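Peer 1: I have a structure here, written as structure tokens, and I will follow up with some questions on it.
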Amino acid sequence: MSHAPQLMLDPDQWKLLRMREAEKLPNKPELEKETGEVKWAKWRRCMDAIGDLRQKVAALRPDVLVLVGDDQHENILDDNTPPFTIFIGDEAEASTSLGYLNQAKSDNRTRYDIDSELAKGLLADLMDNGFDPAYSRTTRYDGGLGHAFARVLKFLLPNSSCRVVPVMVNTYFPPAPSPKRCVQFGRALAAAIRRHRGNQRIAIVGSGGLSHTRIDEKLDAEFLDALKRNDVESMAAMPASLFVEGTSEILNWIVTAAAANQKGSVIEYQPLYRAPTGVGCAMGFAYWDLP
């Protein structure tokens, strides 16, 4: 599922989201149709899709939720930027405060229990099978886990009802893992989970995307079509040059799609344009049934 800030604020408040340099672009005449009424209708459909996903997670009754998301200079900084990091501490907090609103990261925090034993098992298994991910026992970001984790956990686990294993993918800051490597990692992650889950029920969630800051509806449509056909080979062959800035978060979906390894179902896709220049965040929500 997507986690962009436009999901955290209703359309009447989107004006509080500071404009970026990328928004100083020519207006697109075709976006004149993006009236306030249209924006509200799209946003409500996104909220309904989140509700659907929350119900699906609740129905699965997972013991553990493995959450695949990116980190944008929150806990992973320039002094060491591994492509993949697994959090193995016993607990972590996550804040949904918005910097756009000058909210302190010390507010709006929720504590989550981490399944550290499973996380360590996944780490060891991945190292035995072609990957050498980094690991972390503590957070150094004043908001705890990064926003890719905080927002999705708040939406899908409002009562902190199960343990969590955060898996951080460096999508945002190149050099980043390629789509092909993310497919390989997703497959290896799923295999490791099967070998170490015991009797636990484990769900995997991909956090982020789709295209933004400049929305590319064609790219999103092609990717979602591949997801519905379980065409991970097409995902692996996508040029890395497509995955820049926020659009890079599609790599988290690729990890999750490769782990699922079956045809996916798209609940909703909505391009939420924030400005008439085409800038905004395209929102996607999808799931894979149990085989």
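Peer 1: Residues of the stretch 149-180 being under 17 Å from the mean Cα position of the chain (by Cα) and charged (D, E, K, R), which ones?
Peer 2: Those that are under 17 Å from the mean Cα position of the chain (by Cα) and charged (D, E, K, R): Arg151, Lys154.
Peer 1: Next question, about the same structure. Looking at the structure I just gave you, is Ala188 more than 19 Å from the chain's Cα centre (by Cα) and among the aliphatic types (A, V, I, L, M)?
Peer 2: Taking the combined requirement at face value, the residue does not satisfy it.
Peer 1: Could you name every one of the strands (runs of 3 or more DSSP E) located completely within the stretch 95-212 that has at least 2 residues being within 26 Å of Leu272 (Cβ to Cβ)?
Peer 2: Output list reads 163-169, 202-206.
Peer 1: Of the conditions (1) aliphatic (A, V, I, L, M); (2) surrounded by fewer than 22 Cβ atoms within 10 Å (Cβ to Cβ); (3) within 20 Å of Asp71 (Cα to Cα), Leu189 clears all except one; give me its number.
Peer 2: (2)
Residues checked against (1) in a loop (DSSP other than H, G, I, E, B); (2) in contact (Cβ under 8 Å) with a residue 60 or more places away in the chain; (3) closer than 27 Å to Arg194 by Cα:
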residue	(1), (2), (3)
Met235	no, no, yes
Ala259	no, yes, yes
Val266	no, no, yes
Gly280	no, yes, no
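Laboratory data are not the source of any read-out in this text; all were calculated from the coordinates shown. Small disclaimer: the values here were computed from a predicted structure and weren't measured. Here the Cβ is made from the backbone with ideal geometry for all residues, glycine too, and neighbour counts use every protein chain on show.
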